[in-house]
Structures are given as structure tokens and as C-alpha cells.
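Note sheet for the following structure.
The values are calculated or read from the model by the stated rules, or taken from the named source; none is laboratory data. Keep in mind it's a predicted model, so treat the numbers as computed, not measured. Note that we place each Cβ from the backbone using ideal geometry, even for glycine, and neighbour counts take in every protein chain shown.
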Amino acid sequence: MKKLFKLFAIMGLTATVMSTPSQAVTPKRVQISGEIIDTWCYVTEIMFAEGTAHHQCAIWCAVGGIPVSIKAKDGTVYMVLRVDGDDTSVANPKIVKIQSHNVTVDGDHYVRDGVNYLIVNKVATDKGIINMTHDEYGVVPFGE
């Protein structure tokens, strides 16, 4: 009976903690410069995930629903939640077109549980693909 009582007490405490609403996160208006990256390949290091050598794979991952991020010049990674007011977050055509590009964006930066999130309000500059990594990694056979 004591074990059953303890189990119900733990379940009740867990339900109370889980039902407590989190505080809203206030965004900070920022301008971020960096490369649009494929988050899956970057985090798992399955592929090098940067520059021209990874461009086609990054497009496929974005179209397949893998979150896209911006890797800033200082190495900070910002997961992109939305671009230019578009409500399509998965396979967003705006973000797919600039995969692997070096961009500067204006947006709202949120930090929650140590993760950087970014709602991009405007792509201020798009320098295209400037991280030419074929010399280092070789040609990746994904087509053109």
C-alpha cells in the first residue's frame, strides 16, 4: 500500500510540474550574418554540412523537413523558425533557395533552454555561396 501511495504521490507531483506553464520568452531584435546550414548534417557530422560541397544535400534535407539554421561567423547556430512572414516552416521555398548561401538577416532572436531560435523578418543581403569547399572535400555526387 505504501508503494502505491508513493507512486500516486510521484504521479501527482509530476503532473503538477508538467502542467505549470512556462514563462513566455521575450525576443531580442538582431541582425545575424552567416551561412545557411543543414542542421542535421551539421549536428551529426554525417557530412561536412557547409559550402558548395554540401549544397545539394542541404536542399534535400530542407525540402524533407530538416530544420535549417544560420551558422554565424562566431560559430553560434540559430535555428530558423520562419522567413519573411511566410507561415510555411517545413520545405519553405524561401529558405530552400538560399541554402548554403552567406546571408545577413534581420530578425527576432529567442533563447529557450539553451537553444537559439530565429524568426527572420528580412534577408538583408544574400552573397550567395561563398564557402567554396570542393577543394577541401572534393565533389559530392548529388547532381547539379
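Any idea which residue in region 58-92 is surrounded by the most Cβ atoms within 10 Å (Cβ to Cβ), counting only those that are in a helix (DSSP H, G or I) and in contact with a helix residue (DSSP H, G or I) (Cβ under 9 Å, 6 or more places away or on another chain)?
ALA58
Among (1) of a type outside the set (Gly, Ala, Ser); (2) closer than 20 Å to LYS97 by Cα; (3) modelled with pLDDT under 85; (4) in a helix (DSSP H, G or I), there is one condition GLU50 misses while meeting the rest; what is its number?
Here GLU50 meets the rest and fails (4).
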